[in-house]
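Notes follow the structure.
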Amino acid sequence: PALVIASRRCLAADFSDWLRFKAETQALIRQSGVKEMGPWMTLYHHQGYREQDLYVEVAVPIDAVLGRKLQQSESPDFTVYELPEEQVASVVYPYSKEAIPAAYEAIGLWVYSHGYRYVGSCREVYLYDDEQSRGQEEIQFPVEKA
């Protein structure tokens with residue numbers, strides 16, 4: 001479904017830089033007092049797998065009414081907009097660094113074998129996430145029939 005999100009984007013040098021940016025973004029948005037309406041996510045705005053120069057957007061769904069007010073006020077610290085409704089191919093898995101390649105491969109095989117193609121930025125949705133570790137995660141790719 002469509003979601004109103006609060007987010008920040010950056011070009012992260014590497015995964016450590018992305019983790020630091022994610023923590024800063026979570027703190028900044030939480031300090032703003034907006035009500036989180038779902039799990040945090042990262043959208044990757046680059047093609048293919050990378051370990052450097054990651055163009056990322058860290059985001060969280062927020063209350064739609066408050067989000068629309070924030071859109072009008074143009075916060076300099078983060079952006080508020082509607083992430084449109086999309087059809088996605090996804091996989092939910094218990095996060096581990098070792099499981100990431102298999103999760104992405106599973107989506108790729110399904111997309112290819114079912115006649116779909118990618119049409120948007122990959123999303124990692126942190127279904128369970130705390131400051132110390134990542135737990136269950138969903139990887140989503142917007143798709144359409146080829």
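The values are calculated or read from the model by the stated rules, or taken from the named source; none is laboratory data. Given the structure is predicted, the values throughout are model-derived calculations rather than measurements. Because the Cβ atoms are built from the backbone with ideal geometry, glycine has one as well, and the counts that use them run over all protein chains shown. Quick note on the areas: whole protein, heavy atoms, side chains included, nothing else; ligands and nucleic acids left out. Shrake-Rupley method; radii C 1.70, N 1.55, O 1.52, S 1.80 Å.
Taking the longest Cα principal axis of the chain as reference, the axis of helix 64-73 is set at about 60 degrees. Could you give the angle, 0 to 90 degrees to the nearest 10, between helix 15-31's Cα long axis and the longest principal axis of the Cα atoms of the chain? Helix 15-31 sits roughly 40 degrees off the main axis of the chain.
Per residue, the chain exposes an accessible area of 59 Å² to a 1.4 Å probe, with every protein chain left in place. Against the chain, whose longest principal axis is taken from its Cα atoms, helix 100-113 shows a tilt of about 70°. So if the hydrodynamic radius of region 17-71 is defined as the Kirkwood radius over C-alpha pairs, what does Stokes-Einstein give as its diffusion coefficient at 37 °C and 0.692 mPa s, in µm² per second? The calculation lands on 263 µm²/s. The calculated Kirkwood hydrodynamic radius for region 89-130 is 11.5 Å, given to one decimal from all distinct C-alpha pairs.
Say a paramagnetic label sat at a point 7 Å from the Cα of residue 45, along Cα to Cβ; which residues of region 11-31 have their backbone N under 17 Å from it? In region 11-31, the label zone of residue 45 (backbone N under 17 Å from the point 7 Å along Cα→Cβ) covers 11-14, 18-19, 21-22, 25-26. Neighbours of residue 144, meaning other residues whose beta-carbon lies under 15 angstrom from its beta-carbon, give a summed charge of 0 when Lys and Arg score +1 and Asp and Glu score -1.
What's the tally of Lys pairs in the chain whose alpha-carbon atoms lie under 28 angstrom apart, where the two lysines are 8 or more places apart or on different chains?
Lysine pairs meeting both conditions in the chain amount to 4.
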